[in-house]
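Let me begin by presenting the structure, written as structure tokens, before commenting on it.
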Amino acid sequence: MATSKLTAILDARCPRCRVGPMFQYPLLKVSKFSKMHKHCPHCGFRFEIEPDFFAGAMYVSYAMSVGLFITVFVVMLVVFNDPPLWVYITTVAVANVFLIPVFFRYSRVLYLHLFGGVRYRPELADQPPVAPPSSSH
């Protein structure tokens, strides 16, 4: 059964086969949240399509931070009856710090899935994992 694009994004899976994980460790392993596989462990797809490809993911991360800011602003305004400015600033700052691993990962996942130009190949999902590429210097 084919995995949907949304499921592959939420699970941080390869956009080509939608099976292999993009990251080496689970999100809850906070000290290693940024460690990506260079290639998909299942189909061998190289995640960083070109040098500095993921620099564009900063824009996605920025959009996520703006969304967080707007959400916190509305919640504080409606639920907490417009508290002082320092409460807004502190809440946004603390939430941003705690969400750094999530924003980092999902900005890269979204950027690769939506802007990477990678075509999904469902036949790769049913094949056995490929051997990892040899590193040549």
Subtracting the Cα-Cα distance of LEU27 and TYR59 from 0.36 nm times their residue separation yields 9.4 nm
FRET efficiency (LYS38, ALA95; Cβ distance; R0 35 Å; to 0.05) is 0.65
Once amide hydrogens are built 1.01 Å from N within the peptide plane, the residues lying 5 or more places from PHE23 or on another chain with amide H under 5 Å from its amide H are HIS37
Amide H proximity to ARG46 below 5 Å, modelled H, separation 5+ or other chain, gives CYS40
Percent of all Cα-Cα pairs per 10 Å bin for the chain, counting from 0 up to the last occupied bin, reads 11, 35, 29, 15, 7, 2, 0
With Cα coordinates, the longest principal axis of the chain makes an angle with the long axis of helix 57-79, in degrees rounded to 10, of 30
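For the range 36-110, what class follows from the C-alpha gyration tensor (a ≥ b ≥ c being the square roots of its eigenvalues): rounded when a/c is under 1.5, otherwise prolate if a/b is larger than b/c, else oblate? Can you show the working numbers first?
On the way: a/c = 3.78, a/b = 3.31, b/c = 1.14.
Taking the square roots of the gyration eigenvalues as a ≥ b ≥ c, the range 36-110 is prolate.
Taken together, the values in this text are just the output of simple stated rules run on the coordinates, not laboratory data. Values in this document were obtained by computation on a predicted structure and should not be read as measured data. As a convention, Cβ positions derive from the backbone with ideal geometry for all residues, glycine included, and neighbour counts pool all protein chains shown.
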